[in-house]
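The values are calculated or read from the model by the stated rules, or taken from the named source; none is laboratory data. Since the structure is predicted, the reported quantities are computational estimates derived from the model, not experimental observations. Heads up, the Cβs are rebuilt from the backbone with ideal geometry, glycines too, and the neighbour counts pull from every protein chain shown. Surface areas here come from the heavy atoms of the whole protein model, side chains and all, with no ligands, DNA or RNA. Shrake-Rupley method; radii C 1.70, N 1.55, O 1.52, S 1.80 Å.
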Amino acid sequence: AAMRHLPYFCRGEVVKGFGRGSKELGIPTANFSEQVVESFPSDISTGIYYGWACVGNGDVHKMVLSIGWNPFYRNIKKSVETHIIHTFKEDFYGEILSIVIIGYIRPEKNFDSLEALISAIQEDIEEAKRQLDLPEHLKLKEDNFFHLPEGKIANNH
Ligand code: ADP
Ligand code: MG
């Protein structure tokens, strides 16, 4: 069920999240709006994925993505959050984030401590980096999807 919809192409505005303090942990996550999340296949598995991401018409970077239950909506709606593996000079709220989700890393988990959570995410990031260096995954970095004129919202088309 996790892989059936992949690769999944998606584009949408970066909105304010619910302040889980991702940035304080050194792993900011760019959140998609509820509307974009609702356009996802409803049976896509929650968990951690890897793929490529690009802000506006900027460079394409490696990313890890979490599809999880959104505490803001009492866990009845999903949230989709992208951590781009790149250091940005500034926040990019309101910009258009384009992503292609390529592979699944692991299901969602609860962690006993903040340290355990952070080290799991660091392992996810290392796994994403390794996977994305494979030739078949590198190919998608060059996909025309990332070079479409801005404003063209194309969710998996
Ligand atoms: P929020 O709860 O509003 O999503 P976060 O702590 O998760 O707050 O921070 C997310 C914001 O940080 C993004 O919307 C984006 O503007 C900014 N940001 C800066 N660098 C990155 C990055 N490498 N990956 C994702 N978002 C980043
Ligand atoms: Mg976030």
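Between region 90-153 and region 6-23, what is the C-alpha centre distance in whole Å? Comparing the Cα centres of region 90-153 and region 6-23, I get a distance of 11 Å. Peptides 98-108, 65-75 ranked from most to least packed give 98-108, 65-75, packing being the mean of other C-beta atoms within 10 angstrom over each peptide's residues. Couplings for region 56-67, taken from phi via the Karplus curve 6.51 cos²θ - 1.76 cosθ + 1.60 with θ = phi - 60°, read x, 10, x, 5, 8, 10, 5, 8, 10, 9, 10, 10 Hz in order; Gly and Pro are left as x. Charging the Cβ of each Asp and Glu at -1 and of each Lys and Arg at +1, and nothing else, the dipole of the chain about its Cα centre rounds to 280 debye. Here is the P(r) of region 1-65: all C-alpha pair distances, binned every 10 Å from 0, give 17, 50, 32, 1 in whole percents. For the chain, lysine pairs with C-alpha atoms less than 25 angstrom apart, excluding pairs fewer than eight positions apart on the same chain, total 29. For the set Val15, Val80, solvent exposure ranked by accessible area (probe 1.4 Å, protein chains only) runs largest to smallest as Val15, Val80. Over the chain, the alpha carbon radius of gyration divided by the compact-protein estimate 2.2 N^0.38 Å works out to 0.97. Computed extension length for Ala116-Glu13: 34.0 nm, one decimal, from 0.36 nm per residue of separation with the Cα-Cα distance subtracted.
DSSP assigns beta bridges within region 1-150; of those with both partners inside it, close to 100 percent run antiparallel.
As a check on your grasp of the helix formula, calculate [θ] at 222 nm for the chain: sum -39500 (n - 2.57) over DSSP H runs of n ≥ 4, divide by the residue count, round to the nearest 500.
On the way: 3 runs with 31 residues, N = 157.
When only DSSP H runs of four or more count, the value is -6000 deg cm²/dmol.
Proximity of backbone amide H atoms, modeled 1.01 Å from N, is registered between Val60 and no other residue at under 5 Å, excluding neighbours fewer than 5 places apart on the same chain.
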